[in-house]
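Chemist: Quick one: the structure is below, and I'll ask about it shortly.
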Amino acid sequence: MERTKEQILENINDILENQINPAVAGHGGMIQLNDFDMESGIAMVLLQGGCSGCASSSITLKMGVENMLKHYIPEVNGVDGMDDPNFNNPYYVDDGFDYHSWDD
């Protein structure tokens, strides 16, 4: 019996919400499902918070998120992610302090 896209989306969202996001929240991140392509089996996700722009996010995405979704949802063949376009560099904060060299 073939499942509908809505059933697969619900299953993916459940795993993201209950298993994946609690883990990435410990690092200030969140992963949100954008869409699922029924033909290719690719889940498209948005990397938010600390995940957006993080150097380790591609490892988390492939080794963590993709492996878990593929294990529990047979229709998922892969995961593609993109950084949140509304989130700036998670490592830089402009505190307005004027830094000077020690040699001044």
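Chemist: Looking at M44, is it open to solvent by 40 Å² or more (accessible area, probe 1.4 Å), aliphatic (A, V, I, L, M) and either over 22 Å from T4 (Cα atoms) or part of a strand (DSSP E or B) (or both)?
Modeler: In short, yes.
Chemist: Considering the stretch 47-70 alone, what residues qualify as being open to solvent by less than 70 Å² (accessible area, probe 1.4 Å) and not in a helix (DSSP H, G or I)?
Modeler: L47, Q48, G49, G50, C51, S52, G53, C54, S56
Chemist: Only one residue in F87, F97 is assigned to a loop (DSSP other than H, G, I, E, B), modelled with pLDDT under 85 and loosely packed, with under 11 Cβ neighbours inside 10 Å. Which one?
Modeler: F97
Chemist: Please go through (1) modelled with pLDDT of 80 or more; (2) of a type in the set (A, V, I, L, M, F, W, C); (3) within 13 Å of the chain's Cα centre (by Cα) for I42 and return the number of the only condition it doesn't satisfy.
Modeler: It is condition (3) that I42 fails.
Chemist: Within the set of pairs 6+ apart or on separate chains, which have a first residue in the stretch 5-27 that is within 16 Å of K70 (Cβ to Cβ), a second that is surrounded by 12 or more Cβ atoms within 10 Å (Cβ to Cβ) and among the polar types (S, T, N, Q), and C-beta atoms under 8 Å apart?
Modeler: L16/Q32
Chemist: Name the residue that is least open to solvent (accessible area, probe 1.4 Å), counting only residues in the stretch 28-41 that are closer than 16 Å to G64 by Cβ and among the hydrophobic types (A, V, I, L, M, F, W, C).
Modeler: For the stretch 28-41, the residue satisfying everything is I31.
The values are calculated or read from the model by the stated rules, or taken from the named source; none is laboratory data. All values reported here derive from a predicted model rather than from experimental measurement. Methodologically, a virtual Cβ is constructed for each residue, glycine included, from the backbone with ideal geometry; neighbour enumeration extends over all protein chains shown. Quick note on the areas: whole protein, heavy atoms, side chains included, nothing else; ligands and nucleic acids left out. Shrake-Rupley method; radii C 1.70, N 1.55, O 1.52, S 1.80 Å.
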